[in-house]
Amino acid sequence: MRNRIFITVTLLLTSLVCFSQKQITWKDLSAVKFTEKYFVDYEDTFLYPEFLPSVKALEGKRVTIKGYYLNIAPENRIYVLSKSPMSSCFFCGAAGPETSIQLQFMIEPPYKTDDIVLVTGTLKLNSDDVDHLNYILMDCEISLVK
């Protein structure tokens, strides 16, 4: 009987660990190198990412990260999490593309630009679609940091 209880508790705890999200930081996402690459469709060059192994290991995993919420174009469902507030984010030229994550929600969040939030989602790495950011969090859940 004690063996059954031990096995049941062990399996339960193992399953909880397997399905939990991993807390990451912006430093974790900085393990990427960029080179310029020409994209024929746009007749222009863009920064092309080479994700290092530590970042590749995060792809497809549920991760949680804290940052500044940027409500870029809610009418087009374009939301971003940034390492920095809007005035010094990647789009304003004060940081690199590794400091921003595109967010995909089922429902528009009620937050404002520059609110500090905690976001959990499934990480997708994007190197070829220049219409989207290099990091994308899908199926996001978000909460305001107080």
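Per-structure values
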{"item": "Net charge of Cβ neighbours under 11 Å - reference THR64; Lys, Arg +1; Asp, Glu -1", "result": "+3"}
{"item": "THR113 long-range amide H proximity, modeled H, under 5 Å", "result": "ASN71"}
{"item": "Cα lying deepest toward the dipole's positive end in the chain, options SER127, THR25, TYR38, charges on Cβ", "result": "THR25"}
{"item": "Total charge dipole magnitude, the chain, about the Cα centre, Cβ charges on Lys, Arg, Asp, Glu only, Debye to nearest 20", "result": "1160"}
{"item": "Total lysine pairs whose alpha carbons fall under 16 Å of each other in region 43-139 (8 or more apart, or interchain)", "result": "5"}
{"item": "Estimated FRET transfer efficiency (GLU59, LEU144; beta-carbon r; R0 35 Å; 0.05)", "result": "0.80"}
{"item": "Square roots of five times the Cα gyration tensor eigenvalues for the chain, Å", "result": "33, 20, 13"}
{"item": "Per residue value of the accessible surface for the chain (all protein chains in place, 1.4 Å probe), Å²", "result": "65"}
{"item": "Length added when fully stretched, GLU43-ILE24, from 0.36 nm per residue minus Cα-Cα", "result": "3.3 nm"}
{"item": "For PHE105, net neighbour charge (Lys/Arg +1, Asp/Glu -1) across residues whose Cβ lies under 12 Å away", "result": "-2"}
{"item": "Nearest 10 degrees, 0 to 90: helix 2-19 Cα axis against the chain principal axis", "result": "10"}
{"item": "The chain, accessible surface, carbon-and-sulfur percent (1.4 angstrom probe)", "result": "57"}
{"item": "Estimated distance in nm for a label pair at LYS66 and CYS92, the labels positioned 7 Å out from Cα along Cα-to-Cβ", "result": "2.1"}
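The values are calculated or read from the model by the stated rules, or taken from the named source; none is laboratory data. Since we're looking at a predicted model, the values are computed, not measured. All Cβ positions, glycine included, derive from the backbone under ideal geometry; neighbour counts span all protein chains shown. We work out accessible area using only protein heavy atoms, side chains counted, and drop any ligands, DNA or RNA first. Shrake-Rupley method; radii C 1.70, N 1.55, O 1.52, S 1.80 Å.
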